[in-house]
Amino acid sequence: MEIFKSLELEKSKLLHIVKTERVKCLIIGSGPAGFTAAIYTSRANLNPVLYTGLEMGGQLTTTTEVHNYPGYPEGVTGPVMMDDFKKQAERFGADVRFGIASSVDFSGRTHKVIIDESTLIEADAVIIATGATAKYLGIESEIKYSGMGVSACATCDGFFYRGKDVAVVGGGDTAAEEATYLAGLARKVYMIVRRDELRASKIMQEKVFNTKNIQILWEHQTIDLFGENGVEGATLVKKKGTKEEEIIKIPIDGFFLAIGHTPNSAIFKSYLELDPVGYIKTVPGTTKTNVPGVFAAGDVQDPHYRQAVTAAGSGCMAAIDAERYLSELKHILLPVSTVQ
Ligand SMILES: Cc1cc2nc3c(=O)[nH]c(=O)nc-3n(C[C@H](O)[C@H](O)[C@H](O)COP(=O)(O)OP(=O)(O)OC[C@H]3O[C@@H](n4cnc5c(N)ncnc54)[C@H](O)[C@@H]3O)c2cc1C
């Protein structure tokens with residue numbers, strides 16, 4: 001009993017509510033997954049309300065050119081593409097609003113979501129499309145060279161470094177995957193590894209060790225990046241804090257972070273099953289979470305692909321899953337309302 005009580009929205013959070021609204025379908029997030037879900041749910045007459053979060057348009061608004069999204073043969077900038085997504089969703093009637101989901105209560109059949117700590121939305125179905133945020137090292141030059149040689153996505157940006165020299169930071173599976181992917185495009189790949197071993201699985205380690213143009217820099221940490229009009233090199237410290245500590249510089253054109261992502265799922269963790277990293281678990285082949293009527297789409301539930309097109313695809317799946325759930329719910333509820 002105590003457990004169930006603690007899962008309900010705390011009274012202190014409800015005290016600040018100035019408005020309550022009932023909606024059929026609530027979408028949280030305005031990246032490719034959220035807007036695609038909005039296009040499909042509005043065309044299915046579910047009158048979706050979408051809250052954008054702080055980053056209207058999602059991660060792609062932080063990049064310049066997107067060349068791998070189908071339908072844009074000449075490429076497109078991230079902000080223009082996401083504005084197109086928004087316009088398309090609004091054309092079919094999606095209600096797009098600026099606001100951040102601050103807490104949720106998924107303990108009942110009606111799902112409660114508080115927006116900006118002041119509006120309570122009661123929704124029959126909720127589609128979570130809050131994305132994931134790449135982890136950075138926290139050095140100033142990462143921001144300075146963002147989009148000018150610094151990237152957190154080899155699949156997205158590797159193409160620009162064909163025949164060039166790049167570095168990948170990290171020692172886990174993602175770093176090993178990114179390094180081997182980049183090795184197929186770049187002339188040389190440095191793997192900057194903090195420890196004296198890789199955390200990656202044995203099979204991924206073997207792939208790295210057997211790739212001729214990958215050089216592992218063991219026990220190295222990046223302290224700075226340099227270059228005139230973009231990244232031209234990185235300054236590293238070797239064996240930091242030991243007698244053998246040494247500063248070295250490597251010439252590179254691209255610097256790829258592969259130290260993980262943080263899925264934006266913290267506010268859902270009391271209700272939804274998450275994997276150890278925080279990705280929302282969905283029933284394989286669907287967007288269904290462990291709570292009926294709550295669906296997850298895009299990067300927040302995808303530790304593997306994290307691409308705009310896969311996010312959009314799962315946004316479409318979430319909309320269809322939500323529509324089916326709501327039509328089944330209508331059948332269950334109909335006899336009750338008829339009696340009333
Ligand atoms: C720099 C960069 C370049 C990239 N380039 C490419 C590329 O060229 N091609 C490609 O396919 N992919 C690329 N990607 C990856 C791609 O951007 C992501 O895979 C895609 O955006 C994921 O979409 P999403 O809808 O799941 O989430 P996101 O795009 O991350 O959007 C998440 C949304 O949720 C909102 N949100 C978060 N928390 C809350 C909350 N509490 N309440 C309300 N809203 C919330 C945010 O404001 C945001 O609108 C790139 C990523 C980055 C960072």
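Could you give me the residue pairs with C-beta distances under 8 Å whose first residue belongs to region 287-308 and is under 16 Å from Thr36 (Cα atoms), whose second residue is basic (Lys, Arg) and away from the ligand (no atom under 14 Å from the Cβ) wherever it lies, and which are 6+ apart or on separate chains?
Sorted first by the residue in region 287-308, then by its partner, the pairs are Phe295/Lys288; Gln301/Lys281.
Could you pull out every one of the strands (runs of 3 or more DSSP E) wholly within region 168-285 that has 2 or more residues that are farther than 30 Å from Ala297 by Cα and open to solvent by 60 Å² or more (accessible area, probe 1.4 Å)?
On the way: elements: 188-192, 214-217, 220-226, 233-238, 246-251, 254-257, 261-263.
Strands (runs of 3 or more DSSP E) meeting the threshold: 220-226, 246-251.
Show the residue pairs meeting these rules: Cβ distance below 6 Å; 6+ apart or different chains; first residue within region 12-38 and under 22 Å from Met56 (Cα atoms); second residue open to solvent by 60 Å² or more (accessible area, probe 1.4 Å) and within 15 Å of the ligand (Cβ to nearest atom).
Taking only residues 6 or more apart or on different chains, the pairs are Ser30/Met56.
If only one of Gly138, Gly131, Gly93, Gly71 is open to solvent by 20 Å² or more (accessible area, probe 1.4 Å), under 21 Å from the mean Cα position of the chain (by Cα) and on the phi > 0 side of the Ramachandran plot, which one is it?
Numbers: Gly131 fails: open to solvent by 20 Å² or more (accessible area, probe 1.4 Å); Gly93 fails: under 21 Å from the mean Cα position of the chain (by Cα); Gly71 fails: under 21 Å from the mean Cα position of the chain (by Cα).
Residue meeting the stated conditions: Gly138.
Condition (residue is of a type in the set (S, T, N, Q), under 27 Å from Tyr145 (Cα atoms) and open to solvent by less than 60 Å² (accessible area, probe 1.4 Å)) applied to region 27-34: is it met by at least one residue?
yes
Please verify whether region 153-167 includes one or more residues that are in contact with a strand residue (DSSP E or B) (Cβ under 6 Å, 6 or more places away or on another chain) and among the polar types (S, T, N, Q).
Looking only at region 153-167, we keep the residues that are in contact with a strand residue (DSSP E or B) (Cβ under 6 Å, 6 or more places away or on another chain), and these are 154, 157, 161, 165-167.
Next, from what is left, pick out any that are among the polar types (S, T, N, Q): none.
Within region 153-167, not a single residue is in contact with a strand residue (DSSP E or B) (Cβ under 6 Å, 6 or more places away or on another chain) and among the polar types (S, T, N, Q).
Pull up region 292-302, narrow it to residues that are buried (at least 18 other Cβ atoms within 10 Å of the Cβ) and more than 10 Å from Ala129 (Cβ to Cβ), then point me to the one that is nearest to the ligand (Cβ to nearest atom).
Kept after step one, since they are buried (at least 18 other Cβ atoms within 10 Å of the Cβ), are these residues of region 292-302: 293-302.
This time we only want the ones that are more than 10 Å from Ala129 (Cβ to Cβ), so: 293-294, 302.
On the way: Gly293: 18, Val294: 14, Asp302: 7 Å.
Step by step, filter region 292-302, then rank; the result is Asp302.
Among the residues of region 290-333, which ones are part of a loop (DSSP other than H, G, I, E, B) and β-branched (Val, Ile, Thr)? Lay out the reasoning, then the answer.
Applying the first criterion (part of a loop (DSSP other than H, G, I, E, B)) to region 290-333 yields 290-293, 297, 302-307.
Val291, the sole residue that qualifies.
Considering only residues that are part of a loop (DSSP other than H, G, I, E, B) and away from the ligand (no atom under 14 Å from the Cβ), look in region 96-128 and name the one that is surrounded by the most Cβ atoms within 10 Å (Cβ to Cβ).
If we take residues in region 96-128 being part of a loop (DSSP other than H, G, I, E, B) and away from the ligand (no atom under 14 Å from the Cβ), then Phe106 is surrounded by the most Cβ atoms within 10 Å (Cβ to Cβ).
Could you grab me the full set of residues in region 133-167 that are part of a helix (DSSP H, G or I) and within 21 Å of Asn68 (Cα to Cα)?
Selection gives Ala154, Thr155, Cys156, Asp157, Gly158, Phe159, Phe160, Tyr161.
Could you count how many residues in region 132-171 are within 24 Å of Gly278 (Cβ to Cβ), away from the ligand (no atom under 12 Å from the Cβ) and touching a Gly at 6+ places or on another chain (Cβ under 7 Å)?
0
The values are calculated or read from the model by the stated rules, or taken from the named source; none is laboratory data. Here the structure is a predicted model, which is why all the values come from computation and not from measurement. Glycine gets a Cβ as well: all are built from the backbone with ideal geometry, and neighbour counts include every protein chain shown. Heads up: the accessible areas ignore ligands, DNA and RNA and are worked out on the full protein's heavy atoms, side chains in. Shrake-Rupley method; radii C 1.70, N 1.55, O 1.52, S 1.80 Å.
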